[in-house]
Amino acid sequence: MLLKDKVAVITGGAGLNGLGFATARQMAAQGAKVVVLDLERADPAGAAARLGEGHLGLVADVTDKASCERAAAEVMARFGRIDVLLNNAGITQPVKTLEITGADYDRVLDVSLRGTLYMSQAVLPAMQAGQGGSIICISSVSAQRGGGIFGGPHYSAAKAGVLGLARAMAREFGPQGIRVNCITPGLIETDITQGKLTPERKREIAETIPLNRLGAASDVAGACVFLASDLSAYCTGITLDVNGGMLIH
């Protein structure tokens, strides 16, 4: 198994149709002990229980540094190590540039960008003590192409910020054996897309994608498993596109 005896922390991982939970399932199947972090209303403990015995669900708010630190401390108390962090938590908002309020901007950037920083800060000491680790950050094709189907410009900005932050951390922590990489998903069918695209619109979009389909959460999960495992041992600072060819550059 690719992740045997590894401890993997996944933020925003409790949504059963989301990228985080799909990754949690695949990582668990590959032998990892998975820690699902999410807000209380998302029921992270229930999500972790669905993975089977030995996994953990914790309530945590990635926009609150103290909450991230408490979660990391609980993981260390339970498992004694942190090998993988998936910075998956994020929110979007489909508004135009002139419609973005200060509160909108703060809310979107706080979860995707500040949350990526705070949770990375929380787990890095454990990874330094263990002399290695893998941090995977979920960005978006909208950061690369300048906008997407659902997210406004502030979402693109937040996800572009994730790319820059991850690359900088990769340079800083590479000498300590800690790898930091990004995944840029294209249009993936999750709870965010449910009910927002008609079957006709989905077909129209699929026709613009070389692989001729929208992505599934499992497509992104497989890429996360790769970056978490030793198969990607010489990869750091990379941006791995998972978009079916939507953006070829």
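Scanning segment 128-140 for residues that are surrounded by fewer than 24 Cβ atoms within 10 Å (Cβ to Cβ) and either hydrophobic (A, V, I, L, M, F, W, C) or modelled with pLDDT under 95 (or both) yields one hit, A129.
Do we have Q26 as closer than 21 Å to G222 by Cα, out of contact with any strand residue (DSSP E or B) (no Cβ under 7 Å at 6 or more places or on another chain) and either crowded, with 18+ Cβ neighbours inside 10 Å or among the small types (G, A, S) (or both) here?
Details: closer than 21 Å to G222 by Cα: yes; out of contact with any strand residue (DSSP E or B) (no Cβ under 7 Å at 6 or more places or on another chain): yes; either crowded, with 18+ Cβ neighbours inside 10 Å or among the small types (G, A, S) (or both): yes.
Considered against the rule, which asks whether it is closer than 21 Å to G222 by Cα, out of contact with any strand residue (DSSP E or B) (no Cβ under 7 Å at 6 or more places or on another chain) and either crowded, with 18+ Cβ neighbours inside 10 Å or among the small types (G, A, S) (or both), Q26 comes out as yes.
Do the conditions hold for A42, that is, is it surrounded by fewer than 23 Cβ atoms within 10 Å (Cβ to Cβ), within 23 Å of T116 (Cβ to Cβ) and free of Cβ contacts under 8 Å to residues at least 40 places away in the same chain? Considered against the rule, which asks whether it is surrounded by fewer than 23 Cβ atoms within 10 Å (Cβ to Cβ), within 23 Å of T116 (Cβ to Cβ) and free of Cβ contacts under 8 Å to residues at least 40 places away in the same chain, A42 comes out as yes.
For segment 136-171, name all the residues that are closer than 24 Å to I205 by Cβ, more than 17 Å from the chain's Cα centre (by Cα) and not in a loop (DSSP other than H, G, I, E, B). Write out each step before concluding.
First, pick out the residues of segment 136-171 that are closer than 24 Å to I205 by Cβ: 138-160, 162-163.
Now narrow it down to the ones that are more than 17 Å from the chain's Cα centre (by Cα): 145-150, 152-154.
Matches in segment 136-171: R145, P153, H154.
Taking the stated definitions as given, is G90 crowded, with 21+ Cβ neighbours inside 10 Å and over 18 Å from S134 (Cα atoms)? Before the answer, list the steps.
Values: crowded, with 21+ Cβ neighbours inside 10 Å: yes; over 18 Å from S134 (Cα atoms): yes.
Here the answer is yes, as G90 does meet what is asked.
On inspection, V34 does not qualify as under 20 Å from R114 (Cα atoms) and in contact (Cβ under 8 Å) with a residue 12 or more places away in the chain.
Select, from G46, G12, the only residue that is within 14 Å of G90 (Cα to Cα) and not polar (S, T, N, Q). Working first, answer last.
Numbers: G46 fails: within 14 Å of G90 (Cα to Cα).
So the residue among G46, G12 that is within 14 Å of G90 (Cα to Cα) and not polar (S, T, N, Q) is G12.
Could you tell me how many of the residues in segment 71-115 are among the hydroxyl-bearing types (S, T, Y) and either closer than 19 Å to A228 by Cβ or at pLDDT below 95 (or both)?
Going through segment 71-115, the residues among the hydroxyl-bearing types (S, T, Y) turn out to be 92, 97, 101, 105, 112.
Applying the additional criterion that residues be either closer than 19 Å to A228 by Cβ or at pLDDT below 95 (or both) yields 92.
Adding up the residues that qualify gives 1.
I need the full set of residues from segment 203-225 which are part of a helix (DSSP H, G or I) and either in contact with a Lys or Arg (Cβ under 6 Å, 6 or more places away or on another chain) or in contact (Cβ under 8 Å) with a residue 12 or more places away in the chain (or both), in order please.
Taking segment 203-225 and keeping what is part of a helix (DSSP H, G or I), we get 203-206, 217-225.
Hits for segment 203-225 are I205, A206, A217, S218, D219, V220, A221, G222, A223, C224, V225.
Of the residues making up segment 213-222, not a single one is at pLDDT 95 or above, of a type outside the set (G, A, S), over 20 Å from N17 (Cβ atoms) and in contact with a helix residue (DSSP H, G or I) (Cβ under 7 Å, 6 or more places away or on another chain). Each residue in segment 141-156 was checked for being surrounded by fewer than 19 Cβ atoms within 10 Å (Cβ to Cβ) and among the small types (G, A, S), and 2 pass.
Applying the selection to segment 26-57, what residues are touching a helix residue (DSSP H, G or I) at 6+ places or on another chain (Cβ under 7 Å), assigned to a helix (DSSP H, G or I) and closer than 20 Å to D83 by Cα? Q26, M27 - these are the residues of segment 26-57 that are touching a helix residue (DSSP H, G or I) at 6+ places or on another chain (Cβ under 7 Å), assigned to a helix (DSSP H, G or I) and closer than 20 Å to D83 by Cα.
The values are calculated or read from the model by the stated rules, or taken from the named source; none is laboratory data. Keep in mind the model is a prediction, meaning the values are calculated, not measured. Every residue, glycine among them, receives a Cβ derived from its backbone with ideal geometry; neighbour counts consider all protein chains shown.
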